[in-house]
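The values are calculated or read from the model by the stated rules, or taken from the named source; none is laboratory data. Worth saying up front: this structure is predicted, and the values here are computed from it rather than measured. Methodologically, a virtual Cβ is constructed for each residue, glycine included, from the backbone with ideal geometry; neighbour enumeration extends over all protein chains shown.
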Amino acid sequence: RNQTALGKAAQYGNIGVIQLLLDHGADPSILDKDKLVLEWVAPYLTHDVAIRLLQLDFPVERTANGNIAARDSHSFSWSTFLDSHVPVDTSVRVAVVATLLGTEKDGDDWVRELATAKDQHGREALHTTDAATRDLLNGLRFFCGRYELFDGPPIHVSATAVVVNAYDHGVFRQVFEQFANDCGELDKKGFQACGRLLGQQPTDVKKKVDAAVEFDLWDKDKSGYLSASEYIRYCDQTYGGKLKVAMKFMRNADEHAREVDTRADLDIHFVLGLLPTLPQATFHANVASLTLHGRGVAMANYPHVLVMPAADRSLEDVFLKERPNDNQIRSMLHQVAEALAHLHDHGVVHGDLKKLNVLRVNHRMRLIDMDAATPFGAPVGAKFSSGSLPPGTVL
C-alpha cells in the first residue's frame, strides 16, 4: 500500500524493471519505506541504473553562472553508494564514479566536492569508500593522482621554473619501498633512514634515539621489522597521511639533470634533498593539462619536476620579516658557511648563492637551486639570476 512501482521493483531487486520504469517516466522517488531505492537494489545495481538513481539525488549542483553549490536537500544517495559497507559491486562503483566524474569539464571543484561529500553522520566519502574507488577519486583530484597542489598563486615563477606547494599523498609508501628489505619489511635502520629523508633531519644522536624509540612503539610483535601497513599507519598518525612538499617545475632538461646529479654525493644536512617521486615520464604526460589557480602559466613549458620537503622560510624572508638579532644572524651565517664548505669539500661551486636560495628547514639553513652548480675548474655562469657575481664564483 502507498508503494510505488519503482519501490516494489527495488524490493525484489528487479533491475530490468527498474530500468524500464525510469526510461518510461515512472515516479522517480528515490525513497521507499524510508529506505533508498539504491539500497534495496545495491547487490544488483548496474552501471546505467546506478547513474540514473544518483543523478536524481546529487549532493551538489552547478548554478546558472557555473559555480558549484550544495543542494538544499538530498537523501545522501551519493555517499550511500560510495560506502564500502553497502553491497555494491566494486567494479560497478568504480565504473560509475569514473563516468560521473572523469569527463567533467573544468571539474577540479566538482570532483573535490563529490569526493569530500559527507554522509548523514558527517563522514567524508573518501573515508568510507573502498580502496579502489578511493584511489580513483584521488587520481581525479590530484596531479598525477598523487600531488594535491595548493590553491593560490605559485611560490615562484620565472622564465625557467615554477615552484608550488603541494601535499604528497604517495610518498610514504614509496619511501618504505626504497628502504625495505627483500622481504618487504623495514628494520630499525631503514625506519631511521625513512624519517631522515622525509624530515630532512640533522644526523645528531637525539634524532636517532627518538627514531629508535618510535620504531619500538610501532613494532607491536617485537619482530624487529615493520610491515608496509604498519609503517603507513605510523605515517598517518605522525604526518596526517600526507607530506607538505615543494614542487619545482623546470623548463630545461639540462638544468633539471644538474639539480639531480649535483645532489648525489651531498648531505641533506647542508643541501635540501630531493624526495622520491613518480617517473619523469608520468610528469611529462600530465603537465600539459595542469592549470594553476590565478596564473596563466603554460605549464606544458615546464615538464621536468623536482619534489622537495617544504621549507619554513627563505633567508630573505627571515631577514625582512623576523628582524633577527646579531646572535641569530651570526648563527644563520655560520650554517650557510658550513653548507658552502661542504659543497667545496666535494669540489662543487654553488654558482647562484643569494638569500632566496637559502631556506630554513627544521631550524636549519640549507642551500637550494643547484641548477647553476659547477665542478671546480669548470666554467661558471650556467645561470644568471641577479646582477652581481655570486660568492664562490671567484676563487
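Which one is modelled with the lowest pLDDT, of the residues in segment 370-387 that are aliphatic (A, V, I, L, M) and surrounded by fewer than 17 Cβ atoms within 10 Å (Cβ to Cβ)? Working first, answer last.
The first filter runs over segment 370-387 and keeps only residues aliphatic (A, V, I, L, M), leaving 370, 372-373, 378, 380, 382.
From the residues that got through so far, the ones that are surrounded by fewer than 17 Cβ atoms within 10 Å (Cβ to Cβ) too are 378, 382.
On the way: A378: 76, A382: 56.
Among them, the one singled out is A382.
Of all residues in segment 60-87, which are assigned to a loop (DSSP other than H, G, I, E, B) and under 12 Å from L36 (Cβ atoms)? Scanning segment 60-87 gives H74, S75, F76, D83, V86. The number of residues in segment 13-59 being assigned to a helix (DSSP H, G or I), surrounded by 14 or more Cβ atoms within 10 Å (Cβ to Cβ) and at pLDDT below 65 comes to 2.
Of the numbered criteria (1) buried (at least 17 other Cβ atoms within 10 Å of the Cβ); (2) part of a helix (DSSP H, G or I), the one S331 fails is (1). Scanning segment 241-265 for residues that are at negative phi, among the small types (G, A, S) and surrounded by fewer than 15 Cβ atoms within 10 Å (Cβ to Cβ) yields A253, A257, A264. For segment 143-169, a residue qualifies if it is charged (D, E, K, R) and crowded, with 20+ Cβ neighbours inside 10 Å, and the qualifying residues are R146, D168. Cβ separations smaller than 6 Å between residues 6+ apart or across chains give the following pairs from segment 323-341 residues that are closer than 14 Å to L359 by Cα to residues that are not charged (D, E, K, R): M332/M365; Q335/M365; V336/V358; V336/M365; A339/F270; A339/L367.
For segment 214-262, residues that are of a type outside the set (S, T, N, Q) and over 25 Å from L186 (Cα atoms) total 15.
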